[in-house]
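Read through the structure below, which is laid out as structure tokens, and then see the notes.
The values are calculated or read from the model by the stated rules, or taken from the named source; none is laboratory data. Everything quoted here is computed from the prediction, not taken from an experiment. We place every Cβ from the backbone using ideal geometry, glycine too, and count neighbours over all the protein chains shown. The protein model used for the area step is the full one, side chains on, heavy atoms only, and it has no ligands, DNA or RNA in it. Shrake-Rupley method; radii C 1.70, N 1.55, O 1.52, S 1.80 Å.
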Amino acid sequence: MADARSIFVTGLKNAHAMENQALSIMKPQVSRIENYPEVADMLERHIRETEGQIERLETILSGLSESPSTMKDMALSLGGSMAALGHTIAPDEIVKNSFANFAFENYEIAAYKSLMTVAELGGFPEAMSGLKANLEEEEAMARWIDNNLRSLTMKFASLKEAGASAKV
């Protein structure tokens, strides 16, 4: 594929910006959580994983003599901050954040699967281990949200019914 390198580099830069967006979504969420320590713990863990994912993407880009797009990083980080802010006014903020996080994790999974396909088609085997590690972390986070959404919703409803602070 003649354009494989260009497609791959663009995808890597997009993924780098996407991971910065993820940080700008998760960090404000975790700072607001009061009643859901299990969610805070998982978000803190995934923030550390995301920072590692960014490093892996930078290593892959560097190996191609490329660098992340500062403009894309800034734009998506701003968008992520605005998305996180948008849920703060909702009376069911924790539930809405969980919906959004689950959707975003699946978006990231799709991005990494696509990047791995382009790496395979374009002959970039050196990138596969980093991309696979990122994919596995995103899949694990999506599974955790999926497995815990029912109990989180039940806890939210129980706190709300008891008149306690339930939103975060």
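Worth a mention:
- Criterion violated by Ala166 - all others in (1) open to solvent by 30 Å² or more (accessible area, probe 1.4 Å); (2) touching a Phe, Trp or Tyr at 6+ places or on another chain (Cβ under 6 Å) satisfied: (1)
- Lone qualifier among Glu105, Glu126 - being at pLDDT 95 or above and open to solvent by 60 Å² or more (accessible area, probe 1.4 Å): Glu126
- Any hit, the range 134-149, residues being open to solvent by 20 Å² or more (accessible area, probe 1.4 Å) and closer than 20 Å to Ala90 by Cβ: yes
- Those residues of the range 150-159 which are touching a residue at least 40 places away in the same chain (Cβ under 8 Å) and either surrounded by fewer than 17 Cβ atoms within 10 Å (Cβ to Cβ) or hydrophobic (A, V, I, L, M, F, W, C) (or both), in sequence order: Leu152, Thr153, Phe156, Leu159
- Taken over the range 64-93, the criterion of being over 28 Å from Phe124 (Cα atoms) and open to solvent by 70 Å² or more (accessible area, probe 1.4 Å) is satisfied by Leu78, Met82, Leu85, Ile89, Pro91.
- Among the candidates Leu61, Leu23, the residue that is assigned to a helix (DSSP H, G or I), surrounded by fewer than 22 Cβ atoms within 10 Å (Cβ to Cβ) and in contact with a Pro (Cβ under 8 Å, 6 or more places away or on another chain) is uniquely Leu61.
- Among (1) of a type outside the set (Asp, Glu); (2) surrounded by fewer than 15 Cβ atoms within 10 Å (Cβ to Cβ); (3) at pLDDT 95 or above - the single one Lys13 does not satisfy: (2)
- The listed residues are Ala90, Ala83, Ala110, Ala140, and the only one of them that is modelled with pLDDT under 95 and in a helix (DSSP H, G or I) turns out to be Ala83.
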